[in-house]
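The values are calculated or read from the model by the stated rules, or taken from the named source; none is laboratory data. Owing to the predicted nature of the structure, the values given are computational and were not obtained by experimental measurement. Counting neighbours? That spans all protein chains shown, and the Cβs are built from the backbone with ideal geometry, glycine included.
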Amino acid sequence: MILIPILALIIGGLIAFFASGAGAVVPREFVGVAALAGIDTVFGGMRAALEGRFRNDLFVTGFFLNIVLAVALVALGFAIGVGELYLAAVITFGSRLFLNLSLIRRHYIARLADAKERNRMEANS
């Protein structure tokens, strides 16, 4: 289950890399915000998998919906002359990304501490 978000991250990274090349017709704000939205969704999927709540349908629909919403926000900003509107998406997805990453880190640290405690208890018995 956790391989799906990781695979999505790799594919999204490749798309972002090739879409932002020298001859790209897509402004870098669009690619950057779309990549950030995709990465946020991947970390959310990894977190859900670790918590045993991962669902493919929610992950796939969330992945595309987050990207579409982020790109639409950037497009709206450019359309109304507020090019910095993309910062709202950057702040939102960036904060969620760091939150998910911290929860993933805490999960693994707790598992490591539990394993050390079990080993200590087994050594004492």
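Some observations on this one:
- Residue in region 49-69 that is in contact with a Phe, Trp or Tyr (Cβ under 7 Å, 6 or more places away or on another chain) and either buried (at least 17 other Cβ atoms within 10 Å of the Cβ) or in contact (Cβ under 8 Å) with a residue 60 or more places away in the chain (or both) present: no
- Subset of region 81-100 that is exposed (fewer than 13 other Cβ atoms within 10 Å of the Cβ) and at pLDDT 90 or above - its residue that is nearest to residue 8 (Cα to Cα): 98
- Looking only at residues in region 101-125 that are exposed (fewer than 10 other Cβ atoms within 10 Å of the Cβ) and of a type in the set (A, V, I, L, M, F, W, C), the one that is farthest from residue 75 (Cα to Cα) is 123.
- Count of residues meeting criterion [more than 8 Å from the chain's Cα centre (by Cα) and without any contact (Cβ under 8 Å) to a residue 60 or more places away in the chain] in region 28-44: 7
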